[in-house]
Amino acid sequence: MAKIAVYFFSIILLFAANSALPALAPAPNLLFLFAVLYAFKKNEPDFLWIAFFSGFLLDVFSGGAFGAYMVSLLIVAFMVNYATRNFFSADPNPAVMLAVIFAANLSMLALVYFINLMIARFGSLALFSPQISLGSEAWISVGLNLIFAPLVYLLTIFDDHLLKAGT
Amino acid sequence: MRFIYTKQFVIFAVLLAVSALLMFLHSTGDLRAIESAAAETPRPFIYVISGFGKGAENIFSYFSSVSLLNKTNADLKNQVIALREENALLEQYKLENNVLKQELDYRSGAPFKLVLASVVGYDTAANSDAMVIAAGMGQGVSTGDAVVAQGVLIGEISEADAYTSKVLLLTDPSVKLEAGISGTGDNGILRGDYSGITLGMISQAAQISKGQEVISAGLSGKIPSGLLIGTIGDIKSNKSDLLQSATVLSSAELSNLSLVDVIIK
């Protein structure tokens, strides 16, 4: 229960923080970072729940196809966790983590774009506005994610401490 | 392929399926209540955090507005300088226009033949009070001609070239001119002394006082009589002196002339 509360408030807090950055448009995607950074923790399936609910929240406020963030974030987080468990024997160093975040970010951009495109073509999305274009804004957003990653990582560490203290 | 039997993959697959279900429910409109609840949940947090965000935004906007104000201020300063330059030019035109009007007024009623000449410059190199005008022998100007500005005698031609002439101003020490006090018939000799003009050699019997008009006597040379020179300033001599002398205040701005007339005889 404590775990659910901690994750819930973390997700809400990060989403609110993301919303409070109107001047930084394009802004970093703090929920994406939170989900991906939790995916680095090898033996916990919590990152999947985090990715799911983070994606759900992003979809609720997104102007694109509903579910694009949910599915994309789930797949990306799963891939990151799979890579971490299979290719890194020890905990990855910060440089590797940033490289993985960069790759994950590109993967998510592509997935969101693809899902939006598919739903626009075959589904109910009448007007496809490619909010995630591969233009300069997307690259700035990727760069901002790399900058904000350490801050979100600190939050994950803080959450872990809270949970340990709770148990 | 063993990873598909792991707990994580099962959860992943289930969540993917749930996602697909939610996407379907969203398309049918059955997810509206949940979406509304999800949208409302972070609202208080957004409200609180955006308060901090607004504060930070205000700080950034303060700095950006300062830089904008600095730029605007610099632009306005440049505009002020440009307008001042333009204003100075217009003032100059206005001044020249007034001078021209006065010259034209004088010329229309003048009993002499006049040659209008603009002042080219003052002779600063030589140790004299002189200036060069843009009229010379080509226009009929010759040495000794009287030079007036708005009807006030200011000097005489000392050198005449083809198209320019040098004018010795009345303040030049080499100028020596017969002049009289208007309305009295008393005459004296006018001399320049750089700082001003002195009317000397006036009979002790003459009644001179401050403010009296001094005019040219026209006794010799080409300078006609009756031209206004200026007014009596300070009386320099004492009662015991053989002759009287007084300073003369020129009625023209000798140091600031732009247009003059040469009287051609």
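The values are calculated or read from the model by the stated rules, or taken from the named source; none is laboratory data. Note that this is a predicted model, so its numbers are computed, not measured. Here the Cβ is made from the backbone with ideal geometry for all residues, glycine too, and neighbour counts use every protein chain on show. Calculation scope for accessible area: heavy atoms of the full protein, side chains included, ligands and nucleic acids excluded. Shrake-Rupley method; radii C 1.70, N 1.55, O 1.52, S 1.80 Å.
The figures follow:
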read-out	value
Computed over the range B:113-264: relative contact order in percent, which uses C-alpha pairs under 8 Å that are six or more apart	25 percent
Computed accessible area, A:ILE157, all protein chains, 1.4 angstrom probe, square angstrom	60 Å²
Shielded residues, the range B:10-26 - accessible-area loss of 20 Å² or more between chain alone and all protein chains, probe 1.4 Å	B:ILE11, B:PHE12, B:LEU15, B:LEU16, B:SER19, B:LEU22, B:MET23, B:HIS26
Inter-site label distance for B:LEU95 and A:ILE4 at 7 Å from Cα along Cβ, in nm	9.0 nm
Computed [θ] at 222 nm, helices only, for the protein assembly as shown once each DSSP H run of length n ≥ 4 contributes -39500 (n - 2.57)	-18000 deg cm²/dmol
Chain pair B, A: total accessible area buried, heavy atoms, 1.4 Å probe, Å²	2600 Å²
Global form of the range B:2-41, assessed from the alpha-carbon gyration tensor, a/c cut-off 1.5	oblate
Probe 1.4 Å, all protein chains present, accessible-area order of B:GLU178, B:GLU159, largest first	B:GLU159, B:GLU178
Other protein chain Cβ atoms within 10 Å, averaged over every residue that makes up B:30-40	2
Protein-only accessible surface order, largest first, of A:VAL71, B:VAL80 at 1.4 Å	B:VAL80, A:VAL71
Normalised convex hull volume, chain B, alpha-carbon set, Å³ per residue	396 Å³
The range B:63-80 - phi-based ³J(HN,Hα) in whole Hz, Karplus 6.51/-1.76/1.60, Gly and Pro as x	5, 5, 5, 4, 5, 5, 5, 4, 5, 4, 4, 5, 4, 5, 4, 4, 5, 4
Whole-Å semi-axes of the protein assembly as shown's equivalent ellipsoid (Cα gyration tensor)	105, 23, 19
Accessible area of B:SER237 in the full protein assembly, 1.4 Å probe (Å², nearest 10)	20 Å²
Projected label distance in nm at B:SER255 and A:ASP160, using a 7 Å step from Cα toward the beta-carbon	8.7 nm
Apportionment of accessible area to carbon and sulfur, the protein assembly as shown, percent (1.4 Å)	63 percent
Per residue, in Å², the accessible surface of the protein assembly as shown once ligands and nucleic acids are set aside, probe 1.4 Å	54 Å²
Residue-wise HN-Hα coupling along the range A:112-120, computed from phi with Karplus coefficients 6.51, -1.76, 1.60 (Hz; x: Gly, Pro)	4, 4, 5, 5, 4, 5, 5, 5, 5
Sequence of B:MET23, A:MET97, A:MET79, B:MET131 from largest to smallest accessible area, 1.4 Å probe	A:MET79, B:MET23, A:MET97, B:MET131
Members of the range A:60-83 that become less accessible by 20 Å² or more once partner protein chains are added (1.4 angstrom probe, chain alone as reference)	A:VAL60, A:PHE61, A:PHE66, A:MET70, A:VAL71, A:LEU74, A:ILE75, A:PHE78, A:TYR82
Gaussian network model of chain B, Cα within-10 Å springs - most flexible of B:VAL147, B:VAL66, B:VAL132	B:VAL66
Relative contact order %, chain B, counting alpha carbon pairs below 8 Å whose residues are six or more apart	15 percent
Fluctuation leader among B:ALA149, B:ALA39, B:ALA130 - chain B, Gaussian network, Cα springs under 10 angstrom	B:ALA39
Residue-level accessible surface for A:TRP139, protein heavy atoms, 1.4 Å, Å²	140 Å²
FRET E, pair B:LEU104, B:ASP75, Förster distance 45 Å, beta-carbon r, rounded to 0.05	0.60
Candidate aspartates and glutamates - alpha carbon under 17 Å from B:LYS101, same-chain residues fewer than 8 apart omitted	B:GLU91, B:GLU253, B:ASP261
